[in-house]
Each structure stands twice: as structure tokens, then as C-alpha cells.
Amino acid sequence: MKVGIIGAMVEEVTPLIEAFRGLGCPTAQENLGGNTYYKISVGANEVYIAYSKIGKVHAAITASVMIAHFGCEKILFSGVAGGLAKDLKVGDLLIASKLCQHDVDISAFGHPLGFIPESATFIAADAELNALAHKVAKLIGKELREGVIASGDQFIASESKKAWIIKEFGADAVEMEGASVAVVCNAFGVPFCVFRSISDSADGSADVSFDEFLESAAKVSAQFTLQMLKALGYALEL
Ligand code: OS5
């Protein structure tokens, strides 16, 4: 089986790559379209890992390459997010139920915010992967929240913008890549799920909180992603 794991920033994929190095898994590297893809063999299975760079366009490139070039059959996204829901705090882990693009606006033509004709406002993550994630969480005693993720090419750092995204999309967390990975996976019929650990609260101090907690939150998501791989049949001694 070939599974692709995408993060946006190098900090989001480094804990994964280091874990596989520590396990002695054979690793090769290939550069394509501005990204480095790590091809890691785990027994008979392969995992492809790359950080896309920030934003929806970069993440869409990476997801497309993983699927159309490397032949990944499932895609997992691992990274950090800004928390919108009041009870989400730094370090909490969230899996997306569905994702939307909060910066899509063709309402001048009567369309709802976030909607693109022949597409949809929300794209649901794969039900089987999400169910497996909850099973894994229960097994290892890790709290895993499920909620709506809104993506856009903006770092949200204000109470007013945060409130607007909650009001318009009912989102629990905000980031800058997940929905574009959802669009690509949906277009190719590839099951996907999105894990995000909270690095900040998308408010006036989001930049400070993000800098402080990026690394630790990224590790939370990466550790869980490794457990998911194990549950998917990868022979990992975690
Ligand atoms: O990938 C971007 C989205 N991520 C999730 C996230 C988020 N998204 C929106 N709003 C929030 N409040 C969010 N909280 C977490 C995180 C990431 C945000 S953009 C961070 C940019 C930080 C940065 N800029 N320059 N550097 C770092 C230095 C640098 C230098 C060379 C190469 C790469 C980076």
C-alpha cells in the first residue's frame, strides 16, 4: 500500500521523517515541482512524505503529485491549526469531519460564500479513515475531537475575522491547506483525512502563540499520524 502524508511546513513533517529514520526504514528522496518527496519503505508498504509550503495552491500541487505521480492510495494531512471553537486549546488534536474554503467568494453571482459551481462548499473527509482514527484514539487513550475545518490563504489573527468564519461556516478550526487537499483527493477519488493540533486561537496573539507552539503541536499531530499508519497495517514498533 502507498500512503501519502502531507504537512505544510517543514516543522510539520520533520517529526515523521525523524521517526522513520529512528526505526531504520530505508528512505529515498525525489524533488518534483518545488517539493522534496521522501519515499520510505516500511516492510511491503511505502509512505511518501512531503511538506508542501504554505497555502492552498502549494498543498494542491503536493496532493496531486502524490496521487498522480507517486500513486498514493490514501492521503493523510498532519499539521497545526488555529482553534476557533471555545473549548479547543493549544495541543488539542482535531480531525476534520468536512472542510471548506473560507476565502472563496463569488456571491456577486448569487452563490453562497465558499461555494464553487460544479464543486461544493464542504468536502467530507473519508468516513472509514475518520472511523479508524477514532478507534486508534480510543485504543491509545488519546482525546480526538472531530470538527469542521475552514481553509484560506490567510493567517487568521483577529477576533472579528475568527467570529466571521465561525458564523459563516460553523468552523471549529482554521488553517491554510486542508480544503485544497480535500478538493484534490475528492477529484481523484482518493480517501483522505486531516489531522491538526492546535497551535493558537486565531486571535490577536495568534502569531506569538503560533511561534511558541508550532513545534510541540506539530509533534502531537505527527505522533497520532504514525499511530494511524500502524492501524493501516504498517509494521511500526511505536
Ligand atoms: O501553513 C500555515 C497554516 N498553518 C496552520 C495555522 C493557521 N492558519 C491560519 N490561521 C491561523 N491562526 C493558523 N494557525 C495555524 C500554519 C501556517 C501559518 S503561516 C506561518 C508563517 C510563518 C513563517 N513565515 N516565515 N517563516 C515562517 C520563516 C520561513 C523561512 C524560510 C522558509 C520557511 C519559513
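What percentage of all Cα-Cα pairs in region 1-65 are separated by more than 15 Å? Looking at region 1-65, the distances longer than 15 Å represent 47 percent of pairs.
The GNM of the chain, with springs linking C-alpha atoms under 10 angstrom apart, assigns the highest mean-square fluctuation among 134, 111, 102 to 111. Here region 130-164 is scanned for amide nitrogen atoms under 19 Å from the site 7 Å beyond the Cα of residue 116 along Cα-to-Cβ, giving 149-155. Distance between the 7 Å Cα→Cβ label points at residue 237 and residue 30: 3.0 nm. Phi-derived couplings, Karplus 6.51 cos²θ - 1.76 cosθ + 1.60 at θ = phi - 60°, listed residue by residue for region 42-55: 10, x, 7, 9, 10, 10, 10, 10, 8, 9, 7, 5, 6, x Hz, with x used for Gly and Pro. Farthest towards the positive end of the charge dipole of the chain, among the residues 23, 9, 115, is the Cα of 23, using unit charges on the Cβ of Lys, Arg, Asp and Glu. Cross-link pairs exceeding 26 Å between alpha carbons, from the set 86/142; 53/167; 98/161; 53/138; 86/138; 53/98: 53/167; 53/138. For the residue pair residue 106 and residue 139, what label-to-label distance in nm results when each label sits 7 Å from Cα along the Cα-to-beta-carbon direction? Modelled inter-label distance: 4.3 nm.
Membrane-span-like helices in the chain: DSSP H runs reaching 18 Å or more (Cα, own axis), mean Kyte hydropathy at least 0.0? TM-like helix candidates: 127-140, 206-231. Taken as Cα centroids, region 78-103 and region 23-60 sit 24 Å apart, rounded to the nearest whole angstrom. Around the amide H of residue 97, modelled in the peptide plane, lie the amide H atoms of 147, 148, 149, all under 5 Å away and 5 or more residues distant in sequence or on another chain. Here each label is just a point 7 Å from Cα along the line to Cβ, and for residue 21 and residue 163 those points are 4.6 nm apart.
For residue 124 and residue 45, what does the FRET efficiency come to when R0 = 25 Å and r is the distance between their Cβ atoms, rounded to the nearest 0.05? Once the sixth-power term is evaluated, E becomes 0.45. Restricting attention to the chain, close to 40% of DSSP beta bridges with both partner residues there are antiparallel. Remark: the chain carries a charge dipole of roughly 580 debye about the Cα centre, counting +1 on each Lys and Arg Cβ and -1 on each Asp and Glu Cβ.
Working value for the chain: equivalent-ellipsoid semi-axes of 27, 20, 16 Å, each the square root of 5 times a Cα gyration tensor eigenvalue, largest first. Where is the GNM fluctuation largest for the chain (alpha-carbon springs, 10 angstrom cutoff): 191, 26, 117? With Cα springs under 10 Å in the chain, the top fluctuation among 191, 26, 117 is at 117. Springs between Cα atoms under 10 Å define the GNM used for the chain, and in it the highest mean-square fluctuation of 31, 130, 186 occurs at 31.
Close amide-amide hydrogen proximity is noted between residue 37 and 30, 31, 32, each under 5 Å apart and 5 or more residues distant or on a separate chain (H modeled in the peptide plane; Pro and chain starts excluded).
Cα convex hull, region 19-132: 164 Å³ per residue, rounded to a whole number.
Every number in this text was worked out from the coordinates using simple rules, so none of it is lab data. As the structure is a prediction and not an experimental result, all values here were calculated from the model. Note that we place each Cβ from the backbone using ideal geometry, even for glycine, and neighbour counts take in every protein chain shown.
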